[in-house]
Amino acid sequence: MTGFISKRVLPLVAVLFLGAIASPAFAQNREKAWEINPYFGHMAFDQVEGQNVIDDTWDLGFRFGYHWTKHQMVEFGFFGGSTDSPDIDVTVDLLGGQVDYIYNFFVHRRDKVVLFAAGGIGLLNTSSFGFVSDPDAVGDEVHFSHNIGGGIRFFGGPRAGFRTDLRRVTFSDGDTDVNFLELTVGLTVVLGGAY
């Protein structure tokens, strides 16, 4: 998996970064503007009590947010993925929604590169199914989750750019806390707002 990321994803990120910096652009993050962000990502689950409870997997998602100032925004997101449990023959589908507060930091004089910190809360539905002897190992559960992280946007024009996020998401499964890192890559489009 690490080889795939280093051979495929990192060169793509480098090309998009160079393309974003090479072109002139102004005021991408604007007050009273909407932002949409379709993305794909990778979820890397931590071990629980020394065991891999859930295998790492890919996910797809969509975020939309509102910039009430250039620096501050609120964002809503939805994502989904499917994975397996290595210990038992169970497939686990994940479907989540979250609301986040984002604070933007401008690191380029023309606002073409924008760093941001994010944190928020959400709900995560886990739906597990398979042929197991323990009927409690399958079924649907909804978990309260929270996340913290950040990311960077590279704008190639006043309306569109490239965005990558890294978030640490935690949810409780009974008496056990389950954590995963979610690395996402996608487009970002800014609509409306004042220049």
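The values are calculated or read from the model by the stated rules, or taken from the named source; none is laboratory data. Not measured: the values here are computed from a predicted model. As a convention, Cβ positions derive from the backbone with ideal geometry for all residues, glycine included, and neighbour counts pool all protein chains shown.
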| remark: Selection over segment 46-79 where residues are aliphatic (A, V, I, L, M), in contact with a strand residue (DSSP E or B) (Cβ under 6 Å, 6 or more places away or on another chain) and part of a loop (DSSP other than H, G, I, E, B) yields a count of 1
| request: Please determine, by comparing only the residues of segment 81-117 that are assigned to a strand (DSSP E or B) and charged (D, E, K, R), which one is modelled with the lowest pLDDT. | output: 84
